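The block underneath contains the structure these notes are about, expressed in structure tokens.
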Amino acid sequence: MKEYWVKDLSLANFGRKRIEWARNLMPVLSKILEDFRKEKPLKGLRIGACLHITAETAVLAEALIEGGAEVSLCASNPLSTQDDVAAALAESGVGVYAFRGQGVEEYYRCIGYVLASSPNITIDDGADLISTIHKFWYGVESKELAYVRDVLGGLSIQDLVRGIIGGCEETTTGVIRLRAMAGEGKLLYPVVAVNDADSKRLFDNPIGTGQSALDGVMRATGMLLAGRNAVVVGFGNVGSGIAHRLRGMGARVTVVEVDPIKALRAVMDGFNVEPMRKAATHGELFITATGNINVIRRIHFEAMKDGVVLANAGHFDVEINKRDLEELCVRKERVAPYIDMYVMRDGRRLYLLGEGRLVNLVCAEGHPYDVMDMSFSLQALSAKYLAENRRKLPNQVLDVPKDIDHLVAKLKLESMGIELEELTEEQKNYFLKWEFGSE
Ligand code: NAD
Ligand code: ADE
């Protein structure tokens, strides 16, 4: 079996520096790393993680290793790997199987290498690792699974699953997939829905993606956002963050939603709300953040103006229908790194960023360190929780325990030098009583 599979080991020096920079700006995860060094809560465990391979992920890997785990990593997106970071990790002995620009076969072979390490805990961003295990177990054959099998050699799926004590999931789309598995009674082991913790979904999704998605659009296109007609599709945790930040940059923002409550919230936050069919006619920049399929498709492309820019911030590259774009265009050309121009029959040009994959990770470097500090502290503490409770948890999608969620928020505030007000004894008791009322 390969010890690592990265693009270029000679990039390691720069990668190491970037990891060090990230570590310095991730105080909560650094504290957990120090605690893990002393306590070794993950001693003897193997952790297999399918995450975006970034400097922040490298710091998470370091924390898990300090906790006593052996760590193997593969990418959760073919275009999001930071090759210098992957090189630095490989050089320091981590089993890392990731490089930017993977094809489908390479992507799944890398998943296979992580599974070949026979992990006791899986960590996912989007559920590709865990769903591969489940497809294998339930005999759902595919060409992707064939690549994985090829790499696994003699390791049987029974032995693999027997060794797993639990998993963690980082993102909304992954949690949706896991709930579908659990709903069919098929989930093979307990999984902690890290995404759903308050100290993750209220910060990483809106604030992290809000900033980094615009970073991606600006780095790729250099466009001025002020005065631009921007359309955000989906006003959930991610979309609302993007919409607010676009407005902060002076864009004129329209929101497209299917959920009446979210749409109403967007209206009352002062956004223009319209169906996609209308927004398609006047938008100049479109950003999707729904976790859903084909939210921008043929009828919308046909109505768009010349020169529009299309970007996606949702997990998979399915939100903007690329097949429709291919069928509608008479010519496609890469006009700049990660910008594909589709020329329509009538001469209109539509520009797709990052091949429709996560614009913040493909065209920029993903969320800032500060926000990943919380998300990855939750990952580290959830892995510890799984280790401490091994073989005691049900095969369900589990919430991050509230004490862990609050601890991460408290440590983050402390690291910022911000003090909390504390309830007095009288105030605590007041919340416990029902007898009082109007006097
Ligand atoms: P969410 O459930 O909070 O929001 C999704 C919203 O999209 C919902 O309000 C839903 O009603 C709406 N929606 C669904 N179908 C739609 C359609 N056809 N048209 C318009 N609106 C539609 O989920 P979220 O946490 O905001 O995550 C959204 C996506 O972003 C997921 O795929 C998630 O995994 C991903 N994500 C990406 C990053 C990143 O770094 N780019 C970070 C976090 C989450
Ligand atoms: N998801 C979004 N941003 C990320 C980052 N910087 N590192 C890892 N995963 C991410």
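The values are calculated or read from the model by the stated rules, or taken from the named source; none is laboratory data. Note that the structure is predicted; figures quoted are calculated from it, not measured. Ideal geometry is used to build each Cβ from the backbone, glycine not excepted, and the neighbour counts take in all protein chains shown. The accessibility values were calculated without ligands, DNA or RNA, using every heavy atom of the protein model including side chains. Shrake-Rupley method; radii C 1.70, N 1.55, O 1.52, S 1.80 Å.
Within the range 146-171, residues that are open to solvent by 50 Å² or more (accessible area, probe 1.4 Å) sit with their Cβ atoms under 9 Å from residues that are outside any helix (DSSP H, G or I), at 6+ positions apart or across chains, in these pairs: Gly153/Met1; Asp159/Ser118. Going through (1) in a helix (DSSP H, G or I); (2) away from ligand 2 (no atom under 16 Å from the Cβ); (3) open to solvent by 30 Å² or more (accessible area, probe 1.4 Å) one by one, Asp370 falls short only on (2). Looking only at the range 204-236, filter to residues that are in contact with a Lys or Arg (Cβ under 6 Å, 6 or more places away or on another chain) and more than 16 Å from ligand 2 (Cβ to nearest atom); which one of those is most open to solvent (accessible area, probe 1.4 Å)? Per the stated criteria, the residue is Asn229. For the range 91-130, give me the residue count where each residue is touching a strand residue (DSSP E or B) at 6+ places or on another chain (Cβ under 9 Å), small (Gly, Ala, Ser) and more than 26 Å from Arg391 (Cα to Cα). So the answer is 2. Condition (residue is surrounded by fewer than 18 Cβ atoms within 10 Å (Cβ to Cβ) and among the acidic types (Asp, Glu)) applied to the range 251-266: is it met by at least one residue? Yes, some residue in the range 251-266 is surrounded by fewer than 18 Cβ atoms within 10 Å (Cβ to Cβ) and among the acidic types (Asp, Glu).
Of all residues in the range 397-422, those satisfying the criterion of being open to solvent by 90 Å² or more (accessible area, probe 1.4 Å) and in a loop (DSSP other than H, G, I, E, B) are Asp399, Met416, Glu419, Leu420, Glu421, Glu422.
Counted as qualifying within the range 1-102 are the helices (runs of 4 or more DSSP H) with 1 or more residues that are of a type outside the set (Asp, Glu) and surrounded by fewer than 21 Cβ atoms within 10 Å (Cβ to Cβ), namely 12-24, 27-39, 55-66. Within the range 138-147, none of the residues are within 23 Å of Val71 (Cβ to Cβ) and out of contact with any Lys or Arg (no Cβ under 8 Å at 6 or more places or on another chain). Examine the range 260-277 for a residue that is within 28 Å of Val335 (Cα to Cα) and modelled with pLDDT of 95 or more, and state whether such a residue exists. Within the range 260-277 (the criterion being within 28 Å of Val335 (Cα to Cα) and modelled with pLDDT of 95 or more), the answer is yes, since at least one residue qualifies. Being open to solvent by 40 Å² or more (accessible area, probe 1.4 Å), in contact (Cβ under 8 Å) with a residue 24 or more places away in the chain and assigned to a strand (DSSP E or B) is a property that Tyr385 lacks. Listed by position, the helices (runs of 4 or more DSSP H) contained in the range 133-219 that have at least 3 residues being not charged (D, E, K, R) are 143-152, 157-162, 172-183. Here the range 205-224 is the region considered, the condition is being touching a residue at least 40 places away in the same chain (Cβ under 8 Å) and of a type in the set (Gly, Ala, Ser), and the residue that is farthest from Glu169 (Cα to Cα) is Ala220.
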